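Everything below concerns the one structure shown next.
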Amino acid sequence: MSLLEVEDLRISFPTRQGPVEVVRGVTFSLGRERLGIVGESGSGKSQTGRAILGLTPPPGKATAKRLEFDGIDLRDASAARWRSLRGIRLSMVMQDPKFSLNPVMTIGRQLIEAARRTSSRSESKDRAMAMLEAVQIRDPARVFKAYPHELSGGMGQRAMIAMMLITEPDLLIADEPTSALDVTVQIEVLRILDRLVNERGMGLIFISHDLRLVSSFCDRVLVMYAGQVVEEVKASELKQAQHPYTQGLYNCLPRIEGGQRPLPVLQREAGWAV
Amino acid sequence: MTRREWLLSDYPQSRRQARAGQSYRTWLALKSNRLAMVGLWIVLALVAMAIFAPLIAPYDPLIGGDLRLDRLQPPSWEHLMGTDDLARDIFSRVMHGARLTLMVVALVAVIATPIGLTIGTTAGYLGGWVDVVLMRVTDIFLAFPRLILALAFVSALGPGIENAIIAIALTSWPPYARLARAETLTIRDSDFINAARLQGASRLRILWGHVTPLCLSSVIVRVTLDMAGIILTAAGLGFLGLGAQPPQPEWGAMIAGGRRFIIDYWWVATMPGIAIFVVSLGFNLLGDGLRDVLDPKAVK
Amino acid sequence: MAEFAPKVGGRGSALSFWLWKAVKLVLTVAVTFLGLLLITFLISHVMSVDPVLRVVGDRASQSTYDAMYLQMGLDKPIWQQFWIYLQKVLSGDFGNSFLTKKPVMGDIARAFPATLELATVAILIGTLVGVPVGVWSAVKAGKAFDQIVRVLGLVGYSAPIFWLGLLGLLVFYANLQWVAGPGRIDIAYEYSFTSVTGLMLLDTAMQGEWAAFGNAFSHIILPASLLGYFSMAYISRMTRSFMLAELAQEYVTTARVKGVPEWRIIWVHALKNAAVPLVTVVALSYAGLLEGSVLTETVFAWPGLGLYLTNSLQVADMNAVLGGTLVIGAIFVGLNLLSDLLYSLLDPRVRRRVRK
């Protein structure tokens, strides 16, 4: 049975010139697998991720023919229903720990706040420490007491992952989890994320603009362009992608071997956006 | 092409059209803010009142009626706001008071803006020890609460409306200097200033010809935002007997005059207070709207 | 893997950071204070039309005038006059008041507690009401509540405080008789307790004189509420804009993802961050109350610094005016300093920052 069913998801924002749809009819389903969503900025990939958590920023509005998580209809879920899902069964890792961690609360307090959703006060601290160890932080006691600005980016993102996985959710959305990190740290963090997701057998939606990263990390890839899914492929079959946009994206990646001059540039066609 | 289309064109043909279009858009945004429009109407009404005071006012503001019959009369059709202890028509006095208020606001703006602008741009453009000294002076002026410093100035200069204006102006410029300096710092290193420098323009020329005009608009907006504060400070000085002297119909002084009878003859002190309140509310509403329009960060 | 170690500063570097900060603060304050003195000196010795005439009056004979001229040191060069002035002021000598014939410093010390009490009650009202109101109007931005608060705030900014005070006395004292009238306390209670701190609410409460406390309270509540209203207008407006900025931050989304209840997101997560700049705002409006107190005290015959200042102004008592101005300026500087320090204490980013 699938974990998440999304059918005809639309997200629109009102502007002075009338409503603008940033996501226009996205449909997909997800089991306990790793799904990548790739697209350039403004393609609606992040908004799709947020809509699944019911976090479309006002005044935006998300509508769908179907939005079901584990058989629960999320479309008109009450605030209480959302609260019972978020943090416990649904979770999200965001882009930059510099902004996504509360600057005036210690890492420990923020972790415990998350852990308290499913465990008692006395257990929470132990769980938090265990989780910090699980994301391969060598000195958990120290990080526990630290404020976010005292951590490096990679360290902050590990703490973020720890916080989001502490309740062992069924579905994790990772929205560009490594884009703000140094290249050298990216792989580390991804490896940790990969291992935890595998161990716990949860579903993962990995949102990124980096096609190669996504293809190496996910089972399936959705390619989004201008608010629509233009192609859905297995990660292993990316080379055989049909849509010219996907091919374009794929071919744009510079390769170390065989210098191509001039570097290929994505040629857009107006027809893709229709 | 209608004038509106010309103004809202996405492809302005000349600098003038672009600038006019920009102002028009600001105006449209301001117009859609109902409270700001209320403020604008109040301010316009103040100006009209000041200009046409002798025509609107039914009585002389300084010479009262019969002291035996017309003293301290409650508001009626004959005396819309009643009369004071010297049998003068309060409505007429309030109308004429608009002139004084407008004069104070205008003069303070005219004196304080150039001081603040000059000090701020000079400090910002020259930098170094000039900047340190000028900003230190500015900070010291800011270290006094405005009204208190104005009181001290007036106490030295002697009471009177001219001295009150000077005192308020002397205490108003520091925020403008701060603002002008901040603006100058962002302009100072831009390419067109460097270009002017390379063409051999003197420092003074760059300062007056290039930097100051660019700082002017934001400083003027800031001054507009401060006008309600200026009115209240002037009224406060008047209330303490340090601003306009009797028999001038200054609103603050009129409240002070009516203070003694507040319990039995409430209108004497209440009416001029309403005038101060409405006018400064008008400036505040307008300023609030302007801030929303001109500072996109504040919108929401 | 060194880069993964938390960048927590050692004790030594933190200490030198504080030391450096303290030295800088002391210097700034010293320069500012010197500037304050220079301004008051210029006002009294240079701008003043004829300081001697002020003292002796215009009926004095030429010889009296000349004697006073010399006594005031006006024959000396200006920098020397400033030096003398500086020495006097720094030793706490503001001269004698022409009005009370007593040293200005003593007068100010007697008047100060009244102002302190009034301003403190006012800032308590302003903060305790202003912060929650500001938070809530940020949460309800653009809704009816927000609009009403915005208009009420603008009304607060626009009404002359002395006028509101008069109307307040008219309505709540004369007509409704809900509160006591001008002054700090009725004469009947004035000697029922001993003045220890000079703060009547505190003194009466400590000595268990509840009747006197009630009387003092009914005297202070109207002027304090008025002043509180003005600071509330400012505090709620700033709270709103800080909260709007914080609620748009990514960490708020994180908290929502974690399933933190909305009230906790608002009142704990966001407000804790907004509190850091809010401290400055509260300190500044506390200082601003000194300004408002001049007019309020005049209306309510409240025997504080403000009333002392205006009474001295009426009779052109320069020593008293400048002494009062200087003291208020110094308090202003002190409060600014305090807000700076509190800022560093509240914000962990500043608190533990190690010098680069």
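Things worth noting here:
- When the range C:121-145 is filtered for residues that are within 10 Å of chain B (Cβ to nearest Cβ) and either assigned to a helix (DSSP H, G or I) or within 24 Å of the chain's Cα centre (by Cα) (or both), only C:Ala138 remains.
Conditions (1) touching a Pro at 6+ places or on another chain (Cβ under 7 Å); (2) at pLDDT 90 or above; (3) closer than 26 Å to B:Phe153 by Cβ, marked per residue:
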residue	(1), (2), (3)
B:Arg203	no, no, no
B:His210	no, no, no
B:Ala235	yes, yes, yes
B:Gly273	yes, yes, yes
B:Phe283	no, yes, yes
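- Some residue of the range C:312-327 being surrounded by fewer than 23 Cβ atoms within 10 Å (Cβ to Cβ), within 23 Å of C:Ile125 (Cβ to Cβ) and not hydroxyl-bearing (Ser, Thr, Tyr): no
- Hits in the range B:158-181 - residues which are at pLDDT 85 or above and at the interface with chain C (Cβ under 7 Å from one of its Cβ atoms): none
- Looking across B:Thr138, B:Thr121, one residue alone is assigned to a helix (DSSP H, G or I) and either of a type in the set (Lys, Arg) or more than 14 Å from chain C (Cβ to nearest Cβ) (or both). It is B:Thr121.
- Filter result for A:Gln95 (within 22 Å of the chain's Cα centre (by Cα) and either more than 9 Å from chain C (Cβ to nearest Cβ) or at pLDDT 90 or above (or both)): no
- Of the helices (runs of 4 or more DSSP H) entirely within the range C:174-257, those holding at least 2 residues that are within 14 Å of chain A (Cβ to nearest Cβ) and either at negative phi or under 19 Å from the mean Cα position of the chain (by Cα) (or both) occupy C:210-247, C:250-257.
- Considering B:Val279, B:Val211, the condition of being in contact with a helix residue (DSSP H, G or I) (Cβ under 9 Å, 6 or more places away or on another chain) and over 30 Å from C:Leu170 (Cβ atoms) is satisfied by B:Val211 alone.
- Residue within the range A:201-208 that is modelled with pLDDT under 85 and closer than 26 Å to A:Asn251 by Cβ present: no
- Within the range A:121-174, restricting attention to residues that are within 13 Å of chain C (Cβ to nearest Cβ) and acidic (Asp, Glu), the residue that is nearest to A:Arg89 (Cα to Cα) is A:Asp139.
- In the range B:244-261, the residues that are away from chain C (no Cβ under 12 Å) and more than 10 Å from B:Pro272 (Cβ to Cβ): B:Ala244, B:Gln245, B:Pro246, B:Pro247, B:Gln248
- Selected residue (only one of A:Thr118, A:Thr178 is surrounded by fewer than 22 Cβ atoms within 10 Å (Cβ to Cβ) and either more than 8 Å from chain C (Cβ to nearest Cβ) or charged (D, E, K, R) (or both)): A:Thr118
For every residue, the table says whether it meets (1) closer than 30 Å to A:Ile112 by Cβ; (2) modelled with pLDDT of 85 or more.
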position	(1), (2)
A:Ile187	yes, no
A:Asp219	no, yes
A:His243	no, no
A:Tyr250	no, no
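- Some residue of the range B:266-276 being within 11 Å of chain C (Cβ to nearest Cβ), outside any helix (DSSP H, G or I) and closer than 17 Å to C:Gly168 by Cβ: yes
- Residue count for the range C:295-324, restricted to those that are within 9 Å of another protein chain (Cβ to nearest Cβ) and either over 15 Å from B:Gly236 (Cβ atoms) or of a type in the set (Asp, Glu) (or both): 7
- Among the residues listed as B:Leu134, B:Leu67, B:Leu107, the single one being at pLDDT 90 or above and farther than 19 Å from B:Ala244 by Cβ: B:Leu134
- Failed item in (1) under 25 Å from A:Asp170 (Cβ atoms); (2) in contact with an Asp or Glu (Cβ under 6 Å, 6 or more places away or on another chain); (3) loosely packed, with under 15 Cβ neighbours inside 10 Å, with A:Glu7 passing the rest: (2)
- The residues listed here are B:Ala87, B:Ala45, B:Ala29; of these, the one that is surrounded by 13 or more Cβ atoms within 10 Å (Cβ to Cβ) and modelled with pLDDT of 90 or more is B:Ala45.
- Being buried (at least 17 other Cβ atoms within 10 Å of the Cβ), touching a Cys at 6+ places or on another chain (Cβ under 9 Å) and either within 11 Å of chain C (Cβ to nearest Cβ) or among the basic types (Lys, Arg) (or both) holds for only one residue in A:Arg89, A:Arg34, and it is A:Arg34.
- Residues within the range C:108-146 that are at pLDDT below 90 and either touching a helix residue (DSSP H, G or I) at 6+ places or on another chain (Cβ under 6 Å) or within 22 Å of C:Val281 (Cα to Cα) (or both), tallied: 1
- Residue match in the range C:328-343 (condition: within 18 Å of B:Leu142 (Cβ to Cβ), within 14 Å of chain A (Cβ to nearest Cβ) and either surrounded by fewer than 22 Cβ atoms within 10 Å (Cβ to Cβ) or not acidic (Asp, Glu) (or both)): yes
- A single entry from A:Val221, A:Val214, A:Val230 fulfils the requirement of being under 24 Å from C:Glu250 (Cβ atoms) and either in a helix (DSSP H, G or I) or not aromatic (Phe, Trp, Tyr) (or both): A:Val214.
- Qualifying positions in the range A:2-30 - aliphatic (A, V, I, L, M) and under 22 Å from the mean Cα position of the chain (by Cα): A:Leu3, A:Leu4, A:Val6, A:Leu9, A:Ile11, A:Val22, A:Val23, A:Val26, A:Leu30
- Number of the exception - C:Leu345 against (1) modelled with pLDDT of 85 or more; (2) in a helix (DSSP H, G or I); (3) in contact with a Lys or Arg (Cβ under 7 Å, 6 or more places away or on another chain): (1)
- Only one entry of A:Arg121, A:Arg117 meets the criterion of being on the phi < 0 side of the Ramachandran plot and without any contact (Cβ under 8 Å) to a residue 12 or more places away in the chain, and that entry is A:Arg121.
- In the condition set (1) surrounded by fewer than 18 Cβ atoms within 10 Å (Cβ to Cβ); (2) of a type outside the set (D, E, K, R); (3) in contact with a helix residue (DSSP H, G or I) (Cβ under 9 Å, 6 or more places away or on another chain), A:Pro59 is compliant with all but (3).
- For B:Trp266, the conditions (1) without any contact (Cβ under 8 Å) to a residue 40 or more places away in the chain; (2) surrounded by fewer than 17 Cβ atoms within 10 Å (Cβ to Cβ) are fulfilled apart from (2).
- Subset of the range C:80-102 [among the hydrophobic types (A, V, I, L, M, F, W, C) and closer than 20 Å to C:Val31 by Cβ]: C:Phe82, C:Trp83, C:Leu86, C:Val89, C:Leu90
- Screening the candidates B:Gly120, B:Gly124 for the property of being crowded, with 24+ Cβ neighbours inside 10 Å, touching a Leu at 6+ places or on another chain (Cβ under 6 Å) and modelled with pLDDT of 90 or more yields one hit, B:Gly124.
The values are calculated or read from the model by the stated rules, or taken from the named source; none is laboratory data. Keep in mind it's a predicted model, so treat the numbers as computed, not measured. Note that we place each Cβ from the backbone using ideal geometry, even for glycine, and neighbour counts take in every protein chain shown.
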